Amino acid sequence: MTTFFMPTPPGNLIQSFIDYLRFEKRFSVHTVKAYTDDLSQFFSYVHIQYEIENPEAISTLLIRSWMASLAEQEMNPRSINRKLSCLRSFFDHARRTGKLQSNPAASIQVLKTAKRLPSYVEEGQMNDLLRHVEFPDDWNGKTERLVVEILYQTGIRVSELVNIRENHINQSLQSLKVLGKGNKERIIPLGKSLLEIISGYVSQKSYYLEGEGGGFLLENEKRKKMQTRQVYSIVKKYLSLVTTAEKKSPHVLRHSFATHLTNRGADLNAVKELLGHSSLAATQVYTHNSIEKLRDIHKKAHPKG
């Protein structure tokens, strides 16, 4: 592990900023450590390269110099932008608390980055999972299957999944009420096959489980609400059976849902409403996946591809 020199004056400012992140912003331990490391690296750089210890002497040019040195070390633009964001927050906090007059990082533009397309599972792989993989014939197995089915057939977020209550399912309207970000409510249509799986799951609760639950759809054997970490474990377990893709999270099933809909010609505004996006721009990324698919088909099939 590399040890970075941290001059005393910046050290005091950094500690004040870290305390702000930890106790006021309540950032995670991991995030606080990342901010601490970034600031330590930066002040080590300006001290070693320019013999500067006074934070007031830090200029926009020095910050750009540091970013250039990171780029020369072949650090990817996203990581450099994250470090720039850290400096912006640090200097802004020092300015707001009256310890510095200005924020030298405020005017620096972020580096351009390549668009990251969402990871998703191929439609054929999802068909293999849901048609040919055998889930255990016990309560855990039934819960695991329902988790995968709902995530893939509705595209909801994992936080939305674990908070579904039984009374959010409307059998007559064949729909699911979801409470998304900011408690924004949306209604998602449910297919007949998924409704049957949900109905069977609910009707068998009294057979497999004892006592009264809390009204949540997904419950473990102790009738406790399913936790987010359990959903991640379930999805990773079953996606590992059908794909070698690096990412195997619940969000991959959300991406798969949206990508498969757009690949089959679904209206982008409709997909936006189903996903609960606030703007169409967030949904348009799935058209890139469709274009990539078309490009691949053209390359393989066209004589001049």
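Quick notes on this structure:
Okay, residues lined up against (1) touching a residue at least 24 places away in the same chain (Cβ under 8 Å); (2) in contact with a helix residue (DSSP H, G or I) (Cβ under 7 Å, 6 or more places away or on another chain); (3) crowded, with 18+ Cβ neighbours inside 10 Å:
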{"site": "Phe27", "(1), (2), (3)": "no, yes, no"}
{"site": "Thr31", "(1), (2), (3)": "no, no, no"}
{"site": "Leu39", "(1), (2), (3)": "yes, yes, yes"}
{"site": "Met67", "(1), (2), (3)": "yes, yes, yes"}
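- Of the residues making up segment 239-272, those that are touching a Lys or Arg at 6+ places or on another chain (Cβ under 7 Å) and more than 23 Å from Glu144 (Cβ to Cβ) number 1.
- Of all residues in segment 169-218, those satisfying the criterion of being touching a residue at least 40 places away in the same chain (Cβ under 8 Å), in contact with a Ser or Thr (Cβ under 9 Å, 6 or more places away or on another chain) and not basic (Lys, Arg) are Ile169, Val178, Gly180, Ile188, Leu194, Tyr201, Leu218.
- Test for Leu294: is it of a type outside the set (Lys, Arg) and either at pLDDT 90 or above or buried (at least 17 other Cβ atoms within 10 Å of the Cβ) (or both): no
- Selection within segment 94-113 - in contact (Cβ under 8 Å) with a residue 12 or more places away in the chain and either surrounded by fewer than 18 Cβ atoms within 10 Å (Cβ to Cβ) or closer than 18 Å to Ala68 by Cβ (or both): Thr97, Lys99, Gln101, Pro104, Ala105, Ala106, Ser107, Ile108, Val110, Leu111, Lys112, Thr113
- Residue list for segment 176-210, filter: in a strand (DSSP E or B) and either under 16 Å from Glu149 (Cβ atoms) or aliphatic (A, V, I, L, M) (or both): Leu176, Val178, Leu179, Ile187, Ile188, Pro189
- Selection of segment 69-87 for residues being surrounded by fewer than 18 Cβ atoms within 10 Å (Cβ to Cβ), among the charged types (D, E, K, R) and under 21 Å from Gly11 (Cα atoms) yields only Arg82.
- Scope segment 220-263; condition more than 21 Å from His132 (Cα to Cα), in a loop (DSSP other than H, G, I, E, B) and of a type in the set (S, T, N, Q); matching residues: Asn220, Gln227
- In segment 225-234, residue farthest from Leu151 (Cα to Cα) [restricted to those that are touching an Asp or Glu at 6+ places or on another chain (Cβ under 9 Å) and buried (at least 19 other Cβ atoms within 10 Å of the Cβ)]: Met226
The values are calculated or read from the model by the stated rules, or taken from the named source; none is laboratory data. For clarity, every value in this text was computed on a predicted model and none was experimentally measured. Note that we place each Cβ from the backbone using ideal geometry, even for glycine, and neighbour counts take in every protein chain shown.
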